[in-house]
Every structure is written in C-alpha cells, then in structure tokens.
Amino acid sequence: MSDRYAKVKLQVEEMKSLGEDAGKEGADAEEQVPEGSPTASVSPDTPSVTMAAGDASRAHLTCKQRVKSRCRLGKDVKNSCGKHACDVSLHGSVVTARVGQNLNRLGHERTLHVRGTGKILQGKLETNGNYVNTHPPKNNQETRREDGFKLARNQRPVTVDMSKAKTSLEALKLSIKQLKWKEFPLGRRAPCDIYWHGVSFHDNEKILSGQVNKFPGMIEMLRKINLSRAVRTMQELFPEEYDFYPRSWILPEECQQFSTQIRMVKENDATLNPTFIVKPDSGSQGDGIYLIRDPSDLKLMAGSPAKQAVVQEYIQKPLLIDKLKFDIRLYVLLKSLEPLEIYIAKEGLTRFCTEPYQEPSQKNLSHVFMHLTNYSLNVHSGNFVHSDSQSTGSKRTLSSVLYRLAAKGVDIKKVWSDIIALVIKTAIAMVPELRVHYQADIPPGKPGPTCFQILGFDILLMKNLKPVLLEVNSNPSMRIEHEQEVATGVFEYVPSPVDEEVKVSVIRDTLRLMDPGRRKPSISQLRAGGPEPGEEIPMEAETQERSPEEGGALPSLCLKQVYPKYTKQFNYLRLVERIAALFIRFLGVKGNMRLGPTAFRTFIRTCKLSNSNFSMASVDILYIDITRRWSGTMADSKEAGMGLQAFVEAFFHLAGRRFKSLPLRQQVASLLELCEAQLQTGAEERRSVSCSRAMPRPPKTQTLGAGNPRLGSPAPLRRASSQEYRLHQRLLPRTLRANVEN
Ligand code: ADP
C-alpha cells in the first residue's frame, strides 16, 4: 500500500472517529446520510412536477418551473445551437471581480489524497501555491518559471485564437493567463498555434496548421443513435466488456423489435416491470426525454414522421447520496487518434437531482427533478442548492463524493478503476468512425491542423457501485458561471467556484499537454503497458507530469494518461478500428466517407475473398442489400454508398461465411488477419515490381499505374473512386446537429 493510499485510510479513520457521517451510516453504499445532516438539502415534501397534458400513460416529463424561469429571464438565452448562452462579456466584470473571493473560500477546505484520483478536498495552499489564482502573486518560483520559459522555448509565447470560443471563453482566458500565453480574442491574420472552438471543428474554416480543439465528425459520432450503434457493435464482439451501456433500441427503425422483446420478457416473468427512458437523438440537457413502462407508451404518432430517438433500459437502482440521484461528469481529453492517446481528469463534477429518489412508478414517472440529473433542469427547481463549497449543494466535485464514499467504506479504488476502463472502452468504440471523418477532412500529406478534444462523459453509479455510461458530450459546458435568481424574477450569471475549480484546471492542463514546445513523451513513457487483460487498473501515485519550462509554478497535471498507458489491457478490443483502416484504404479519395460498389468489389478482389462459393455476383448482392438497408435507417441518407457501420456489418457477414465454426470475435479477427496479410503481400509485390522497374529492362514490361501514394490503391479503384467522389460531392449535405451544452 503506498503512502498516499495509507494517508487516505488514515484520514477516513480520522473522520470516522470524529463522528462525522461515516460513523452513523454504516457501509451500505446506497443512502446513508441521515435526515438533518448538514448536506441533506431537500425536504421530503418537495413539490413535484406535474404530468404533461393529463396524459398519464405517456408520462411526458414536463418542467413547468423551468419554462417559467426561462421566461422570467426576459431575454433570448439560446445560442445558435439552440442551447443556453450568455453574453459573457456582459458579465465578465462581475465574474472577474468575484473570482478571488470564491477562491479564497475554497482554499480553506480540508485535504485528502487518493492515488489516481488526485486531490480530494484539496487544501491548495499546502501544495499548489497559486495555481487557481486569477492573479498569481509574483513569487520566486514564478520568476524562475519565466526565466525557464524563455530559456527553454527561446521564442514567442504560444498563441491561442479564441475568437470562436463562445461560452468557454471565460475559463479559457483564466487558463491562458495562468500559462502566460498570448490570447487572440478576435482571431489573428497570421496562424496561431492553437484554435479554440466552441462547437465544431468547422467553426473556423481553412485552418492549415496548428492544433484545433475539436475533431471533425465528433458531433455526429456522439449523437445518441450513433454512439449507441458504435457501442452495440462492440457489444456484439465483446458482450462482457461492454456491459456498462444500458440496453438500447433505435427509434423508429427498431420499434417493433423493442415491443416484441419487452413483451416476451414480461410474458416470461410477470414480476418484471422494467422502465425505459426515451431520448431524442440530437437532444441535450434533458430536452424531450421521457420515461415509459410499456412500449405502447412510445410517442410515435401515426402519420407524422417518426422522431429519431434512442429508447434505453432505465437504471432503476442508482447510488444515492442524501437520498438523491446524482451523476458524474468526467472530463476526458482525446489527445490524438493515431496513436490513440487518452487522458482523464482526476477531478470532475457530480450533478444532483433536487427531489428525493424513488424507484419509478406510474405516479412518479414524470417527476423530472427526481429522475433526471441535468443541471440545466434542476437549477430551475426551488430546491436547487448553490454552494461555494465543493462538497455540498446540488453540484459538487467528484472527489468530494468519492471522499464521502470512502468514508463509508466503499472501495473507491475499484470504482475509479472501473470508470477508467469504461472511458477507454468507450473511446475505442468511437475511434473507428472518427478516423473516417478525420481522413475526409484532413487527408494525410495535405496541410491541415492536428486535433484534440475535451469530452464530457456522463456516468451513473448503480447502487452496487457499477458505473454505467449515459452519454458522451462532444461539447461539455465549460461555463464557470451559473444562473442565479438574485431577486424575485431577476436572474444573473454569478461565478461558480466549483465549476471554476474543475473546468479551468481541465482547460489549462489540456493546453499544457498540447503546448507545441512541450517535449514529446519518451518512448518508455509511451510504451504500451499496464496490467494484463482482466486485471484491475491500479490507482498509482500521482506522477509529477510537468514540463521543465513550467518550473514549479504550476501544479502537476490534473489530466492522467490512461492510454497508451493501459494498452496491454485494452488493445485486443480494437478490432473495429482495424476494419475501419481497411475501409479507409479502399475509400481512396479525399472527402469521401462512403464506399461505392466498385470500391467494395476491389476490396473483395484485393483481399481475395471471393471464390467458387462466393461469386462476384454475390458480392454485388451483398453490397446492395446492406447499403439499401442502411440508407433507409440513416438520418443523413442523401450520401450514397456504404458507410463505415454498413461496411462493418458486411465484414461480419463475410467473416461468418469464411470461418463458420468460430465465435464472432474470432471470425472477425481471423478475417482481419487474412485481409491484412493479402494487402501486405500485394504491397510487397508492388514494391518489388517498382524496384525492378528502376533497373534497366526490356521495353514492354507490364507496369502498375502510379498508385495513390497515400493508399497504394490500384488504378481502377482510383478511377471508380473519383467518379463516386464527384457524385458524393454533389450530394454532400453536412448537417451538424450538435449535442452541445453551451
Ligand atoms: P441529455 O443529453 O439530454 O442530457 P442524457 O442521456 O444525459 O441526455 O440523459 C439525461 C439524464 O437522464 C441523465 O443525466 C440521467 O440523470 C438520466 N438518465 C439518462 N439515461 C438513463 C438511464 N439509462 N437510466 C437512468 N437514468 C438515465
């Protein structure tokens, strides 16, 4: 046991002996805090929210108070994506003026360290000096840092274009100030090192260099249906590894399947009475979500176009604190796709409901403040508690919650390890689709920026402490202010110390990791490693990840690398990514994201997958069958051809034909090996032909056309692909429906 973990235990013991809530509550993780404890913030007679338009069976979750509050704001608070937005500059002075006070208040909280989770109720003055201070004092350390900075970089400071930062602007400004970098709030004619976008990769067009904080295609990838599909593909291959995502059906296409399956479940066991949550595909902040107990309650109006949505098994027994349901917002940095690099913020947020939780019943299905943890909803409940402390109120730090759980005897090492595994596995499910988008927008060899992105993982802890993935936000809110009713009917954005504490650190440390002057990690640091598959991920001592030029002025990074660090444990899951690599190889042309029939044939031929049992005519039928079905189910079906998900389905089918006797995972792995070996042989043959061409030879030797240097694709493929490319260009609508929280 390391010193750090021993320290946790010691402090937990200390708390217990102090007679704080631990002693009174015992070890049951569910709801242990007694009534009247200082943090119990909701009275049992909380008024509930009424049912929608008397339709009890559908139980539409309505939120009268929310609508009322928004109206009372008396101004349009929606941004271009339809989300809440505020004119930051309007409130900027208020924000800056209050920040110092709040930070001082925060600075006096107690300290508890847990390995791997970083600070818990961190007494910042003890270890971190000035790190969250808006105006850090000029101390010796800082002078050394400035000197070191100049010596190390011996150039200009890093430049950041923040003209499109939108609601993350305030947090970004504070971060840049701490780093002493140079901000460009209105953009800059000359290129910047870093471009900070508020919504999408395409917020600024024509960026040819530097780094952008968004990946192309991330918004599309993380829409609820796409994420569910991607995770489901992984569930087919690795059912046990991906059991952290609730069972989901895609509407409207799987409506019938959903009804039939639920009916069968109920017929088999009449005591089962599951609940389901219906979420609109492109919704966010709880908009349009409702709970049902029977498939007949789905709102699929006959005659009107059915809405795209995901219906999901509702987790009926969440872990409660103070009798309230809560969820975790974890910030995850996807630093690079190739090689895959993932960092997790050691500190996150927890968002609490504002009405005591009861298991779903027909009576309470519509109680939005009981079932949905969204901050944007609960902030409009009369019971919402704004608190400057990190460990009380309706929004708290993750560490303060883990601290409480640890005090109750919960094995938070295991919880944290499970959360890390969930994040890595989800990222592995997302990467294939992202790689397709990436090559379409930023083809290798062409000038363009590199990308990174902060994602918001929403995780629910079940009563048995198992983490469940609710969704991943492509644009997690980076606001550091919250809406508060300062007088009756008068709302104002006021600084939120908890948000600031967490979010500024995440942005600042993301920037530090993306610093173009930062030394690249050594081979040994990047070496694939970690525990073997199935082993628990250890909560290691915090590493002092600091670049020398940062000296001692900044704290160690709040972002912990989890991949490639734990490659050994998770690499075997990356099968679909290898299928995506094949897909990309045969796409062939810049901007293309769909495979045409000729390119699909070329794939089959090149990988030698057709034979007497599987003719090229069958290949064409397979292509048409799968493509037709998928184009009927895709929202953006105007793009012709076979998308990645359809290609993966075709690949599974081919694998099944070829390796009938094996389980699916091995079928797919075997077919991948076969295809990769064929491509390797083909590449070697081409190389040897081109070598022999370089030698003097007789004039009529057969030659290969000058293949696409990027893909090494043969000439017929290039011709076919370029025709398809032109067709796709004509049909190309890029609808961006963002799951943004701004
Ligand atoms: P949105 O993007 O609209 O916030 P989410 O998927 O995050 O949609 O769902 C909103 C809230 O609903 C979550 O914060 C959580 O409290 C609750 N929720 C979502 N899915 C489930 C589920 N499967 N089981 C229990 N609660 C859920």
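The values are calculated or read from the model by the stated rules, or taken from the named source; none is laboratory data. These numbers were taken from a predicted model, which means no experiment stands behind them. Counting neighbours? That spans all protein chains shown, and the Cβs are built from the backbone with ideal geometry, glycine included. Ligands, DNA and RNA are stripped out before the accessible areas are found, and what is left, the full protein with its side chains, is counted by its heavy atoms. Shrake-Rupley method; radii C 1.70, N 1.55, O 1.52, S 1.80 Å.
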Original post:
Count of lysine pairs in segment 170-307 with Cα atoms under 13 Å apart, counting only pairs 8 or more residues apart in sequence or on different chains?
Top reply: 6
Original post:
Efficiency by 1/(1 + (r/R0)^6): what FRET value for V494 and L465, r their Cβ-Cβ distance, R0 = 45 Å, to the nearest 0.05?
Top reply: 0.85
Original post:
Between H202 and R628, what FRET efficiency comes out of the Förster formula 1/(1 + (r/R0)^6) with R0 = 35 Å and r the beta carbon distance, rounded to 0.05?
Top reply: 0.70
Subject >> Nearest-20 debye value, segment 228-295 charge dipole, Cβ charges on Lys, Arg, Asp, Glu >> reply: 180 debye
Original post:
Check V385: other-chain or 5+ apart residues with amide H under 5 Å from its amide H, H built from backbone geometry?
Top reply: S394
**OP:** Show the residues, 5+ positions off or on another chain, whose built amide H is closer than 5 Å to the amide H of E481.
**Re:** S496
Original post:
When the Karplus curve 6.51 cos²θ - 1.76 cosθ + 1.60 is applied with θ = phi - 60°, which whole-Hz ³J(HN,Hα) does each residue of segment 364-369 get, with x for Gly and Pro?
Top reply: 9, 4, 8, 7, 5, 6
Original post:
Any idea how far apart Y572 and Q678 come out in nm if each label point goes 7 Å out from Cα toward Cβ?
Top reply: 2.7 nm
Original post:
Which length gain, in nm to one decimal place, applies between N613 and S661 when the Cα-Cα distance is subtracted from 0.36 nm times their residue separation?
Top reply: 15.6 nm
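Mind ordering 263-276, 426-439, 659-672, 488-501 by average Cβ neighbours within 10 Å, highest first? List each step's numbers first, then the result.
Values: 263-276: 11.9, 426-439: 24.1, 659-672: 15.7, 488-501: 18.5.
In descending order of packing, they fall as 426-439, 488-501, 659-672, 263-276.
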Subject >> Unit charges at the beta carbon, dipole of segment 185-276: most positive-side option, W196, F276, T260 >> reply: W196
Subject >> Separation of the R605 and E240 label points, Cα + 7 Å toward Cβ, nm >> reply: 4.4 nm
**OP:** Report the label-to-label distance for V385 and S688 in nanometres (one decimal), using points 7 Å from each Cα along the Cα→Cβ vector.
**Re:** 7.5 nm
Original post:
When the label point is put 7 Å from the Cα of H653 along its Cα-to-beta-carbon vector, which residues of segment 209-239 have a backbone N closer than 19 Å?
Top reply: 230, 233-234, 236-237
Subject >> ³J(HN,Hα), Karplus 6.51/-1.76/1.60, whole Hz, each residue of segment 372-386, x for Gly, Pro >> reply: 10, 8, 3, 4, 4, 8, 5, 4, 9, 7, x, 8, 5, 10, 7
Subject >> Highest to lowest packing among 478-486, 505-513, scored as the average C-beta count within 10 Å >> reply: 505-513, 478-486
Original post:
If contacts are Cα pairs under 8 angstrom and at least 6 residues apart, what is the relative contact order of segment 400-475 in percent?
Top reply: 25 percent
Original post:
For segment 366-523, which whole-number percentage of the solvent-accessible area (1.4 Å probe, protein heavy atoms only) is attributable to carbon and sulfur atoms?
Top reply: 54 percent
Subject >> Integer Hz, Karplus 6.51/-1.76/1.60 couplings in order for segment 668-680, x for Gly and Pro >> reply: 5, 4, 5, 5, 4, 4, 4, 4, 5, 5, 4, 5, 4
Subject >> For peptides 381-391, 641-651, sequence by mean Cβ density within 10 Å, most packed first >> reply: 641-651, 381-391
Original post:
In Å², what does the accessible area per residue of segment 418-477 work out to with a 1.4 Å probe?
Top reply: 22 Å²
**OP:** Can you tell me the dipole magnitude for segment 304-444 around its Cα centre, using point charges on the Cβ only (Lys, Arg +1; Asp, Glu -1), in Debye to the nearest 20?
**Re:** 360 debye
Original post:
Calculated FRET efficiency, A640 and D411, Cβ-Cβ r, R0 60 Å, to nearest 0.05?
Top reply: 0.70
